[in-house]
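Before we start, here is the structure in question, set down as structure tokens.
A short reminder: the numbers here are calculations on the coordinates, not readings from a lab. None of the values given here were measured: they were computed from a predicted structure. Virtual Cβ from ideal backbone geometry, glycine too; neighbours counted across all protein chains shown.
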Amino acid sequence: MICKILIRVRHEFEGSKDIWMWTGYTWEELIQQAAEELKYQTIPTTVTIIRNINVLVDGPYIESKRDISLPYMGSSNQRVIGCNKSFALRRPVLWWTPEEKKGK
């Protein structure tokens with residue numbers, strides 16, 4: 001269901017809107033899941049999702065690392081990843097670093 005919604009939003013707004021997603025999984029875990037879907041020829045749900053979002057906030061929320069000064073994140077272990085650059089470079093690329101957002 002989420003894949004259909006993402007594709008519809010992407011199509012209707014013709015890329016003029018950034019699509020964000022928050023997940024408790026890391027980028028690396030999602031890429032591994034996507035590779036397994038392709039390997040076993042199951043429905044490529046993970047691939048479809050991460051190819052149709054612009055920004056991914058990854059990682060689980062960890063109460064002991066809570067930091068309310070970090071925009072879009074609940075804890076300092078999370079990352080805000082730009083998906084297009086990450087796919088192009090084949091590694092997670094931060095959309096911005098927490099230090100940039102804090103003004104340091």
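Of the chain, which part is the longest with no chymotrypsin sites (Phe, Trp or Tyr not before Pro) in a loop (DSSP not H, G, I, E, B) and with at most 16 other C-beta atoms within 10 angstrom?
Longest stretch, sites excluded: 1-24.
Please figure out what share of the DSSP beta bridges in the chain is antiparallel and state it in percent, rounded to the nearest 5.
Restricted to the chain, the bridges split so that about 65 percent are antiparallel.
What is the total of Lys pairs in the stretch 33-104 with C-alpha atoms under 22 Å apart, excluding same-chain pairs fewer than 8 positions apart?
4
Taking only Cα atoms, what is the 0 to 90° angle, nearest 10, from helix 27-39's long axis to the longest principal axis of the chain?
10
Under a Cβ-only charge scheme (Lys and Arg +1, Asp and Glu -1), can you give me the dipole magnitude of the stretch 33-104 about the Cα centre, in debye to the nearest 20?
220
Hey, another quick one. Would you calculate, for the chain, the mean residue ellipticity at 222 nm contributed by helices, counting each DSSP H stretch of 4 or more residues as -39,500 (n - 2.57) and dividing by all residues, to the nearest 500?
The per-residue figure over the chain is -12000 deg cm²/dmol.
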